[in-house]
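Novice: Have a look at this one.
Read the figures in this text as sums done on the coordinates, not as results from a lab. None of the values given here were measured: they were computed from a predicted structure. All Cβ positions, glycine included, derive from the backbone under ideal geometry; neighbour counts span all protein chains shown.
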Amino acid sequence: MFPENLTIETERLLLTPISMKDLDDIWPHVTDPRISRLMSWQPHQDKSVTRALIDNLEQSRRDERGITWSIFRDGRFCGIISLISIMRHHRALTYHSAELAYWLGVEFQGQRIMSEAGRHVIAFAFKELGIHRLVVEHFTSNPQSERVIKQWGFRLIGEKRHAFMKEGVWHNAKCYDLLETDL
């Protein structure tokens, strides 16, 4: 069960569970193809797409399948960070696993915002949610993401060749994991 308070405060940041009140803050960023080019989604052309995304993320939180936080610095929306695909059990197997996903607006990149947000979300996952294993992937063509993943202490599992296709091009993905016992 998720704790009642999901807000995370760091040295410089405020992470709040994403909600429809964030729509206007998120909207300009999700229309930017510089962000979506290395993500699983296309740039949003209409606010109804963003509204549906937020609705889906709120439902995922209610179902305890994931948590997405809006990241704010000095009251300005910077991006999001999520624990998705939370899996506790499947039949006779116990997992207690989740996947980390994230993005920052272009103007906020390179300021160590995601490094800071991620450290706190990882600690929250292990301490507050009882997650045992976190996984994360990135396009191999995204060295910035690779750097932050390594800063967080994740270990490379391997590289998936032609892991997925986007815009008619097959992309490789590097996969990492982190166990609660690794910290």
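Novice: Could you tell me which of rounded, prolate or oblate describes segment 105-169, using a ≥ b ≥ c as the square roots of the eigenvalues of the alpha-carbon gyration tensor, with rounded for a/c under 1.5 and, failing that, prolate when a/b is larger than b/c and oblate otherwise?
Specialist: Details: a/c = 2.18, a/b = 1.32, b/c = 1.65.
It comes out oblate by the Cα gyration axes.
Novice: So, one more: Whole-Hz Karplus ³J(HN,Hα) for segment 114-122, in order, using 6.51 cos²θ - 1.76 cosθ + 1.60 and θ = phi - 60°, x for Gly and Pro?
Specialist: 5, 4, 5, 4, x, 4, 6, 5, 4
Novice: If you take every residue apart from Thr94 with its C-beta less than 11 Å away from the C-beta of Thr94, what net charge results, scoring Lys and Arg +1 and Asp and Glu -1? It would help to have the intermediate numbers written out before the result.
Specialist: Working: positive: Arg88, Arg91, Arg133; negative: none.
My count for the surroundings of Thr94 gives +3.
Novice: If you don't mind, another one. For segment 1-59, rounded, prolate or oblate, judged on the Cα gyration tensor with a ≥ b ≥ c (square roots of eigenvalues), a/c < 1.5 rounded, else prolate if a/b > b/c? Show your work: numbers first, answer last.
Specialist: Working: a/c = 2.15, a/b = 1.59, b/c = 1.36.
Here segment 1-59 falls in the prolate category.
Novice: Here is a follow-up. Take the alpha carbon gyration tensor of the chain, find the square roots of its eigenvalues, order them as a ≥ b ≥ c, and report rounded if a/c is under 1.5; if not, report prolate when a/b exceeds b/c, else oblate.
Specialist: Details: a/c = 1.32, a/b = 1.09, b/c = 1.22.
Since a/c stays below 1.5, the shape of the chain is classed as rounded.
Novice: Per-residue HN-Hα couplings for segment 90-104, Karplus 6.51 cos²θ - 1.76 cosθ + 1.60 at θ = phi - 60°, whole Hz, x for Gly and Pro?
Specialist: These are the phi-based 3J(HN,Hα) values: 9, 6, 8, 9, 10, 10, 6, 10, 7, 10, 8, 9, 6, 7, 10 Hz.
Novice: How large is the dipole of segment 8-132 about the Cα centre if only Lys and Arg carry +1 and Asp and Glu carry -1, each at its Cβ, rounded to the nearest 20 debye?
Specialist: The calculated dipole for segment 8-132 is roughly 300 debye.
Novice: Give the total of Lys-Lys pairs in segment 78-183 with Cα-Cα distances below 23 Å; include a pair only if its members are 8 or more places apart or on different chains.
Specialist: Here the count comes out as 5.
Novice: Can you tell me the relative contact order of the chain? Whole percent, Cα pairs under 8 Å, sequence separation 6 or more.
Specialist: Values: 291 pairs, mean separation 31.3, N = 183.
Relative CO of the chain lands at 17 percent.
Novice: Report, in deg cm²/dmol and to the nearest 500, the calculated mean residue ellipticity at 222 nm for the chain, where each DSSP H run with n ≥ 4 adds -39500 (n - 2.57) and the sum is divided by the residue count. Don't skip to the end; give the middle numbers.
Specialist: Values: 5 runs with 52 residues, N = 183.
Value at 222 nm, helices only: -8500 deg cm²/dmol.
Novice: Okay, next question. Give the order of Thr181, Thr68, Thr140, Thr50 when sorted by the count of other beta carbons within 10 angstrom, beginning with the fewest.
Specialist: Numbers: Thr181 8, Thr68 24, Thr140 16, Thr50 21.
Listing Thr181, Thr68, Thr140, Thr50 from fewest to most nearby Cβ atoms yields Thr181, Thr140, Thr50, Thr68.
Novice: Let me ask something else. So which chymotrypsin sites (Phe, Trp or Tyr not before Pro) in segment 154-183 end up in coil per DSSP with only 12 or fewer other C-beta atoms within 10 Å?
Specialist: none
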